[in-house]
Structure formats: C-alpha cells, structure tokens
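Q: Below: one structure in structure tokens.
The values are calculated or read from the model by the stated rules, or taken from the named source; none is laboratory data. What you are looking at is a predicted structure, and each value in this text was computed from that prediction instead of being measured. Please note: Cβ atoms are built from the backbone with ideal geometry, for glycine as well, and neighbour counts cover all protein chains shown.
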Amino acid sequence: MAQKKWGPHPYQITDKTGDRRTVILNGRVRWAIEELRKAGRTGREALGPRWAAYIFDAIHVHGIPIRDEWEKHEGEHPGRHKRWWLDCEIHPVALTEGGEA
C-alpha cells in the first residue's frame with residue numbers, strides 16, 4: 001500500500017535552549033513546516049489563502065517555535081504581508097523498515 005506524501009511523520013524539535021522533543025506532523029501543517037525548512041534564513045511568504053491557518057496550527061497545536069514579521073511591498077497593489085521563519089531546529093525522524101522511529 002502506498003504511503004501518503006504528507007501522512008503522519010515524527011519530527012524532532014530543538015528549541016533555542018537546547019530542549020528536544022518529538023511531535024507528529026501530517027497534512028498541510030507538515031507541508032508548511034517543510035516549506036519553512038526549505039526557505040531557511042530567507043523565510044517564507046504565504047503560499048496560499050490557508051497558509052496562516054497551517055502556521056497557526058503548527059504554533060498553537062504542535063508548539064513549534066515560528067516567528068513572523070510584517071513586510072511592506074510595492075507594485076500594482078502595494079501593501080504589506082507577513083514572512084515566517086522557523087525559530088528552532090526541526091528535522092524529520094528517520095524511520096526503520098517497520099515504520100518505527
């Protein structure tokens with residue numbers, strides 16, 4: 001049976017104090033965290049209308065440290081938007097053949 005691309009998977013979080021813990025991420029929250037991991041120091045702007053909800057869940061449901069800042073932008077529709085960064089180290093935990101972490 002094929003595994004879902006964004007199915008449940010353990011991630012290890014190391015915060016700024018060095019404390020470590022493991023959370024299980026799946027679905028769009030997992031996708032959003034992977035996008036923030038890829039973005040690194042550059043951070044990430046919203047990738048769609050529900051992006052802020054995925055980040056909210058990552059912070060408030062899973063306790064993942066994420067910071068944000070408002071940025072001004074110019075162009076045809078000037079205004080401002082948020083940019084998000086991971087404020088911790090977070091990595092997927094390698095699974096064994098039996099699916100155990």
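Q: Is it true that some residue in the stretch 58-77 is out of contact with any Asp or Glu (no Cβ under 6 Å at 6 or more places or on another chain), of a type in the set (Gly, Ala, Ser) and either modelled with pLDDT of 95 or more or surrounded by 10 or more Cβ atoms within 10 Å (Cβ to Cβ) (or both)?
A: yes
Q: A follow-up question, please. Filter the stretch 23-41 down to residues that are of a type in the set (Gly, Ala, Ser) and within 15 Å of Phe56 (Cβ to Cβ) and give me whichever is surrounded by the fewest Cβ atoms within 10 Å (Cβ to Cβ).
A: Gly27
Q: I've got another one for you. For the stretch 9-75, which fully contained strands (runs of 3 or more DSSP E) count at least 3 residues that are within 20 Å of Val93 (Cα to Cα) and free of Cβ contacts under 8 Å to residues at least 60 places away in the same chain?
A: Answer list for the stretch 9-75: 20-25.
Q: Considering only residues that are loosely packed, with under 11 Cβ neighbours inside 10 Å and of a type in the set (Asp, Glu), which ones fall in the stretch 5-22?
A: Within the stretch 5-22, just Asp19 meets the criteria.
Q: Do you know which residues across the stretch 78-92 are loosely packed, with under 13 Cβ neighbours inside 10 Å and either in a loop (DSSP other than H, G, I, E, B) or out of contact with any Phe, Trp or Tyr (no Cβ under 7 Å at 6 or more places or on another chain) (or both)?
A: Pro78, Gly79, His81
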